Amino acid sequence: MPLKAILLSGAGIIAAATLGLTIATQSTASPEPNELDKEAMTEMVREILVENPDIIIDALDAYSAQQRQLEEQQMAQIIEQYRPALLSAEHGAAYGANDAERKVVVVELFDYHCTFCKKATNYVRQLPEKDKTIQVIFRELPILREESEIAARHSLAARAQGKYKEYHWAMMGTSGVLTEKRMDNIAKNLGINVKALDSETKTPAVQEAINETLTIAQALNVTGTPTFIILTPEGDFSVVVSGFDQPAIEAAIAEAKTQ
């Protein structure tokens, strides 16, 4: 609702309440409401708002709270729709606790050319090391540049050789644009068969992984990376954290563990 509409709505409520009070306290000889001059009513509302500016602030706060609650409800419904996919590493890669031991799942949507994703790398890497009940699921969301999709394809392809995590950490630790030549050099240094890797990047499985993550991101209205989705395997908790907001991530993990 636009600000003007909020103010008019608030003013209307105030005017109605004030008008009712006025009529109730006047004698039977008082004029009917429809006899009141429109300009006088407008002036009365204006005076009330001028004398009580907190009314506007309260109205805006209430509206913002309602919008946040609505957005959270909508987000929860979307996450519930995609929960099986988010809890599965089929179209991503899992790190940390296995499915049987996990209590909290942290899904990271990232781009290899995202500065803040790189800044979050050490923190994300340490999550399952510090807490054995946390499972991290990496989801490739190549949205920043053409090379981002190429990098996403290469990292997903590395799964076939059991080298996803090593390749992921190495590429996250590389500054600048990740060209195919640079990615192949990183792969060689990790003992990855580059020819097999390049062939795997063109498989339907890799394309399906990228497509599904893009679909989930669009449904959740994700417009940037990193984005973290913290949820419990049982389905009783979920929170979306935009950006590398460490306190928010930690608070969400702590709350998830109480469920």
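The values are calculated or read from the model by the stated rules, or taken from the named source; none is laboratory data. These numbers were taken from a predicted model, which means no experiment stands behind them. All Cβ positions, glycine included, derive from the backbone under ideal geometry; neighbour counts span all protein chains shown.
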Would you confirm, using the coordinates I've provided, whether Pro233 is in contact (Cβ under 8 Å) with a residue 24 or more places away in the chain, under 21 Å from Asp99 (Cα atoms) and in a loop (DSSP other than H, G, I, E, B)?
yes
Please work out which one of (1) of a type in the set (Phe, Trp, Tyr); (2) closer than 27 Å to Gly191 by Cβ; (3) under 21 Å from the mean Cα position of the chain (by Cα) is the condition Trp169 fails and give its number.
(3)
Looking at (1) out of contact with any helix residue (DSSP H, G or I) (no Cβ under 6 Å at 6 or more places or on another chain); (2) modelled with pLDDT under 95, can you tell me which one Thr203 breaks?
(2)
Would it be correct to say that Thr258 is farther than 15 Å from Val136 by Cα, in a loop (DSSP other than H, G, I, E, B) and under 9 Å from the mean Cα position of the chain (by Cα)?
no
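Results for (1) in contact (Cβ under 8 Å) with a residue 60 or more places away in the chain; (2) in a strand (DSSP E or B); (3) touching a helix residue (DSSP H, G or I) at 6+ places or on another chain (Cβ under 7 Å), shown as yes or no for each residue.
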site: Ala59; (1), (2), (3): no, no, yes
site: Tyr63; (1), (2), (3): yes, no, yes
site: His91; (1), (2), (3): yes, no, yes
site: Ala94; (1), (2), (3): no, yes, no
site: Asn98; (1), (2), (3): no, no, no
site: Ala120; (1), (2), (3): yes, no, no
site: Val136; (1), (2), (3): no, yes, yes
